[in-house]
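The following block contains the structure, expressed as structure tokens.
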Amino acid sequence: MLRRSFLAFAAGNGLTAQTDGSITNTLIGKAGGYTSPTNNWVGCFTGNFTAAAKSAATAVEWLVANDGAYARQAMGASGAGWTVNAYLSGTGVVWTNTNTITQPAVTLNAQTLGAIGLMDSVGPTGGNANFFIDVASPLSVAVGVNVILSGGGSPGLTFTTY
Amino acid sequence: MSEVEIVNEPMPAPRASGLRMKGGAHIVLVEEATGKQVSEVYTPDYIYQNERCTRDGRKY
């Protein structure tokens, strides 16, 4: 009889490597700590941050030069875009996006979606990716197509801190 | 033909020490002009956290 098990994915999710470092500094009161953002912006990336690198530089964000409509989408200031549940024993703290996030339809050139990154600035370039979700099999996004993360009861983004 | 046993692993309990974060996405691609959905994906940790599907991605 065969037993199917699951191997670790090269794709990753959670905190970026940079945020691992800054959060650690915050916890111990050392310089170089985490800077709480005024908002989170959803960014689209061509490749994976990867489980190993956990890096926005590895993933490469979409560019306005390639998708003329590309813009990071705001989650909602001061955490308003998130529904954060109380800690649950056996699970942790589950938090999801409250509102539907819609990326403007792609223009100019088809894009590849390999990751969603949560940024600390409106961009469309620069700033920091604080946490992310890789798509193990990147999606082809044709011209004229929206990337949509639903909100509410069937959220597009789900995180657990544990 | 061998019989295949599919094992759905249980949700891991929080670690007794440390701080970790995991995240998952449900992404839908929609053609703006027609409203037609052209693609939909659940990443593994979305499935895992929301228990919407078995661990190997099959919806129940």
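Being of a type in the set (A, V, I, L, M) and in contact with a helix residue (DSSP H, G or I) (Cβ under 9 Å, 6 or more places away or on another chain) is the filter; apply it to region A:53-83 and report the residue that is surrounded by the most Cβ atoms within 10 Å (Cβ to Cβ).
Keep residues of region A:53-83 that are of a type in the set (A, V, I, L, M), which gives A:53, A:56-57, A:59-60, A:63-65, A:69, A:71, A:74-75, A:77, A:80.
From the residues that got through so far, the ones that are in contact with a helix residue (DSSP H, G or I) (Cβ under 9 Å, 6 or more places away or on another chain) too are A:53, A:56.
Details: A:53: 14, A:56: 22.
Restricting to residues being of a type in the set (A, V, I, L, M) and in contact with a helix residue (DSSP H, G or I) (Cβ under 9 Å, 6 or more places away or on another chain), the top hit is A:56.
Hey, any hits in region A:27-44 for a residue that's within 11 Å of another protein chain (Cβ to nearest Cβ), over 18 Å from residue A:129 (Cβ atoms), at pLDDT below 95 and surrounded by fewer than 15 Cβ atoms within 10 Å (Cβ to Cβ)?
No; the residues of region A:27-44 include none that is within 11 Å of another protein chain (Cβ to nearest Cβ), over 18 Å from residue A:129 (Cβ atoms), at pLDDT below 95 and surrounded by fewer than 15 Cβ atoms within 10 Å (Cβ to Cβ).
I'd like to verify a number: residues in region A:122-134 that are open to solvent by less than 40 Å² (accessible area, probe 1.4 Å) and under 23 Å from residue A:83 (Cβ atoms), how many? Working first, answer last.
Filtering region A:122-134 for residues open to solvent by less than 40 Å² (accessible area, probe 1.4 Å) gives A:123, A:129-134.
If we keep only those that are under 23 Å from residue A:83 (Cβ atoms) too, we end up with A:129-134.
Selection size over region A:122-134: 6.
On the given criteria, is residue A:114 open to solvent by 20 Å² or more (accessible area, probe 1.4 Å) and at pLDDT 95 or above?
The answer is no for residue A:114.
Moving on. Somewhere in region A:70-77, is a residue over 23 Å from residue B:42 (Cα atoms) and modelled with pLDDT under 95?
Yes, that holds for at least one residue.
State yes or no: is residue A:86 surrounded by 14 or more Cβ atoms within 10 Å (Cβ to Cβ) and either facing another protein chain (nearest Cβ under 10 Å) or within 21 Å of residue A:14 (Cβ to Cβ) (or both)? Walk me through how you get there before you give the answer.
On the way: surrounded by 14 or more Cβ atoms within 10 Å (Cβ to Cβ): no; either facing another protein chain (nearest Cβ under 10 Å) or within 21 Å of residue A:14 (Cβ to Cβ) (or both): yes.
Considered against the rule, which asks whether it is surrounded by 14 or more Cβ atoms within 10 Å (Cβ to Cβ) and either facing another protein chain (nearest Cβ under 10 Å) or within 21 Å of residue A:14 (Cβ to Cβ) (or both), residue A:86 comes out as no.
Separate question: Checking the conditions here, which among A:134, A:67, A:120 is at the interface with another protein chain (Cβ under 10 Å from one of its Cβ atoms) and among the charged types (D, E, K, R)? Break it down stepwise before answering.
Numbers: A:67 fails: at the interface with another protein chain (Cβ under 10 Å from one of its Cβ atoms); A:120 fails: at the interface with another protein chain (Cβ under 10 Å from one of its Cβ atoms).
Step by step, each of A:134, A:67, A:120 is checked, and only A:134 is at the interface with another protein chain (Cβ under 10 Å from one of its Cβ atoms) and among the charged types (D, E, K, R).
With the requirement that a residue be within 14 Å of residue A:157 (Cβ to Cβ) and either modelled with pLDDT under 95 or open to solvent by 50 Å² or more (accessible area, probe 1.4 Å) (or both), what does region A:99-111 give you? Explain how you work it out, then say what you get.
Within region A:99-111, the first condition is being within 14 Å of residue A:157 (Cβ to Cβ), and the residues that meet it are A:99-103.
Scanning region A:99-111 gives A:99, A:100, A:102.
On the basis of being facing chain B (nearest Cβ under 9 Å) and among the polar types (S, T, N, Q), does residue A:160 make the cut? Before you say what the answer is, go through the steps one by one.
Numbers: facing chain B (nearest Cβ under 9 Å): yes; among the polar types (S, T, N, Q): yes.
For residue A:160, the condition - facing chain B (nearest Cβ under 9 Å) and among the polar types (S, T, N, Q) - is met.
Assuming residue A:146 fulfils every condition listed in (1) closer than 23 Å to residue A:65 by Cβ; (2) among the polar types (S, T, N, Q); (3) surrounded by fewer than 18 Cβ atoms within 10 Å (Cβ to Cβ) apart from one, which condition is it?
Going through (1) closer than 23 Å to residue A:65 by Cβ; (2) among the polar types (S, T, N, Q); (3) surrounded by fewer than 18 Cβ atoms within 10 Å (Cβ to Cβ) one by one, residue A:146 breaks only (3).
The values are calculated or read from the model by the stated rules, or taken from the named source; none is laboratory data. Just so we're clear, the structure is a prediction, and the values are computed from it rather than from any experiment. Methodologically, a virtual Cβ is constructed for each residue, glycine included, from the backbone with ideal geometry; neighbour enumeration extends over all protein chains shown. For accessibility, only protein heavy atoms count, side chains too; no ligands or nucleic acids. Shrake-Rupley method; radii C 1.70, N 1.55, O 1.52, S 1.80 Å.
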